[in-house]
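No value in this document is a laboratory result; all are computed from the given coordinates. Values in this document were obtained by computation on a predicted structure and should not be read as measured data. We place every Cβ from the backbone using ideal geometry, glycine too, and count neighbours over all the protein chains shown.
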């Protein structure tokens with residue numbers, strides 16, 4: 001069978017059927033190996049090839065076939081994408097910025113980029129850092145912009161999402177797991193140093209340079225909000241531009257084939273969770289150190305270790321895998337409690353009680369007894385006052401009786417019932433007493449060796 005093909009009346013032979021090609025093909029492995037050696041160029045290899053094959057390819061054809069055969073021998077993956085299936089995300093390498101109005105300094109920012117590979121519909125947002133909080137904020141805004149959730153998220157192995165990168169089983173950080181669970185996403189990080197795992201977003205990053213950064217290069221911005229407004233405007237133009245070799249734009253394909261297939265967004269926005277292991281104190285509470293605030297749990301858990309999961313709005317407390325309490329999160333020091341958590345309100349006998357502390361005070365100080373009685377009159381949940389009473393008893397042991405009684409009288413008269421207030425009053429009373437003693441002068445007795453003022457005249 002004749003393997004030549006007629007084109008416009010001529011008969012030509014395909015390149016891979018020519019004798020020149022048969023001479024070049026066996027040399028490809030050797031040529032590739034030699035190209036990896038220092039100082040060796042294609043020009044040098046071509047000169048050596050022509051020396052052995054005077055009728056061989058010219059330099060341009062030699063390079064063309066060398067490239068083609070190398071690609072064919074190595075092979076490559078052809079990606080096909082289903083609509084609404086994957087969302088590829090990354091940060092761009094370059095860092096644009098805005099000018100701080102107060103200092104005049106350029107503030108660098110990071111630009112988050114995402115793309116749906118099926119339609120190549122793109123999204124970009126500038127955020128202050130690549131940290132977990134900013135990454136998840138950008139990702140949440142992206143899903144909100146898309147109006148739905150794809151099935152799979154493909155991030156790079158950035159620290160904001162991945163604790164330990166691994167070719168087969170990367171370890172996600174806990175916050176990323178919480179985010180994925182909230183939105184119903186499967187997270188499949190790209191393999192380390194394998195940009196071909198997310199070619200769509202890699203190509204989108206290049207387009208962001210060309211169609212966003214390049215077009216904004218002569219503009220000045222004075223806030224990240226203004227910068228993002230300009231970025232979003234240029235990305236919208238990019239999405240609305242007809243694709244090469246395609247009759248539609250990215251936005252048209254996204255709206256027609258993809259958006260309706262995205263999963264619905266959850267009814268509430270994602271809130272980052274924080275984790276702590278805390279022991280229940282004798283006052284039935286765990287102390288959340290970040291806010292310096294106490295949250296109550298049932299009295300039977302006093303002394304036990306708990307797991308506390310808290311968000312911006314809620315504090316949940318667990319013991320042995322069971323939720324034992326939940327409170328709205330409140331900022332600032334103080335107590336957030338429920339009456340049913342305390343033994344004095346549900347009939348259980350406690351080792352300590354108001355009578356216990358009043359009795360202890362009666363053995364030591366009349367002023368302290370009045371003060372502690374007043375504290376329990378004011379506090380509806382007695383257990384919350386136990387630690388304060390412990391502190392007052394400690395102050396009594398360390399203070400001179402007359403100073404302590406005077407301080408208690410001042411505190412009682414002005415309803416200053418906390419440990420810190422009484423401690424401050426004691427310091428003031430002690431200082432006043434010391435100044436009073438220092439101010440008392442003693443007349444020196446007359447003595448023949450003491451010189452009077454007349455001596456110096």
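Side notes on the structure shown:
- Overall, the anisotropy analysis places region 274-345 in the oblate class: the square-rooted eigenvalues a ≥ b ≥ c of its C-alpha gyration tensor yield a/c not less than 1.5, with a/b not exceeding b/c.
- Inter-part distance where region 84-140 and region 237-284 are each reduced to a Cα centre, Å: 14
- Quotient of Cα Rg and 2.2 N^0.38 Å for region 354-437, N being how many residues it contains: 1.04
- Between residue 245 and residue 405, the contour length at 0.36 nm per residue exceeds the Cα-Cα span by 48.4 nm.
- Estimated FRET transfer efficiency (residue 330, residue 257; beta-carbon r; R0 41 Å; 0.05): 0.30
- Backbone N under 12 Å from the residue 32 label point (7 Å along Cα→Cβ), restricted to region 45-67: 66-67
- Extension gain for residue 370 to residue 423 (0.36 nm times residue separation, less C-alpha to C-alpha distance): 17.4 nm.
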